[in-house]
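Here's the structure, in structure tokens; my notes come after.
Just so you know, all these numbers are worked out from the coordinates, no wet-lab data involved. None of these values were measured; they are calculated from a predicted model. Neighbour counts run over all protein chains shown; Cβ positions are idealised from the backbone, glycine included.
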């Protein structure tokens, strides 16, 4: 049972990106590529992640290209979708911007720990795929943001 | 509701790795880090992925460090686990080895398409985390390999 990969339109990718709360951040490190789960939110066209200043993500140099991947798999039907956002990221330090972000929609980490650093990823590319035509991932996603 | 991250033991990571059928391959590309879903299997201590020869994964130079990430999230309980395998990868071309792999446990792609290239990732590091103590991800995973 295999299905044809179908490209998602940019607006579908953005809609899915805004519907989720956890993804995987992809980084290039001296030890090779790293892929780690992270909670995020999307505010003002930027993906925001909270982290510790001494984490791999917290230590990135401003402008480093970072990826965020989200997906869902349906193991019973061998079906799924994925979206990849990629662009330059930077830690956020301006108190005004942090205050705005915290008012509007701060990422809410599931993991305990001091995470005072906000890292913003302004995506330059946003691409996605689903397996099989004739279904809409946005109608079947387990997660939808609520206020 | 936040939980403390707890490190998984190497044998727990390997057990989870062997229980799953789909993960995300992390690569370093000229356009930055890439994270893409992939079906895989584990045979003889190596992660095997099938791909097209002209894909990002199919084009890697032998010895390039590649990552494979697997995880599961419980959105209701804000809980989850993740495992990251990382090590040198190479496309497999020897007919004997391909024949062995196809007899034993070939990765079965969900996505339609010609995927004659097998890429093997021999992990040098295998690390993982779960959120919160007192539960065993291996008992709650949705996916378990069956023969």
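With a Förster radius of 35 Å applied to the C-beta separation of residue A:140 and residue B:54, the computed FRET efficiency comes to 0.70.
Inter-part distance, the range B:120-136 to the range A:116-138, computed on C-alpha centroids, equals 25 Å. From the alpha carbon centroid of the range B:83-102 to that of the range A:41-99 is 31 Å. For chain B, the longest principal axis of the alpha carbon atoms and the long axis of helix B:10-19 meet at an angle near 60°. Across the protein assembly as shown, counting alpha-carbon atoms alone, Rg and Dmax equal 18.6, 62 Å. Legend: calculated FRET efficiency, residue A:74 to residue A:98, from the Cβ-Cβ distance at R0 = 35 Å, rounded to 0.05, equals 0.40. Exposure proxy ranking for A:98, B:38, based on other Cβ atoms within 10 angstrom of each Cβ and starting from the fewest, stands as A:98, B:38.
Only helical runs count toward this figure. For the protein assembly as shown, summing -39,500 (n - 2.57) over DSSP H runs of n ≥ 4 and dividing by all residues gives -4500 deg cm²/dmol at 222 nm.
Using Cβ counts within 10 Å as a stand-in for footprinting exposure, how do B:119, A:42 rank, fewest first?
On the way: B:119 26, A:42 20.
Listing B:119, A:42 from fewest to most nearby Cβ atoms yields A:42, B:119.
Here the Gaussian network model covers chain B, with springs between Cα atoms less than 10 Å apart; of B:58, B:32, B:132, B:32 fluctuates the most.
Exposure proxy for B:94, A:72, A:140: other Cβ atoms within 10 Å of each Cβ, ordered fewest to most, give B:94, A:140, A:72.
Pairing the Cα long axis of helix B:95-104 with the longest principal axis of chain B, what angle in degrees results, from 0 to 90 and rounded to the nearest 10? Orientation of helix B:95-104: about 40 degrees from the principal axis.
Please report the orientation-averaged projected area of the range B:5-130, defined via the convex hull of its C-alpha atoms, in nm².
Numbers: hull surface 34.1 nm².
Its average projected convex-hull area is 8.5 nm².
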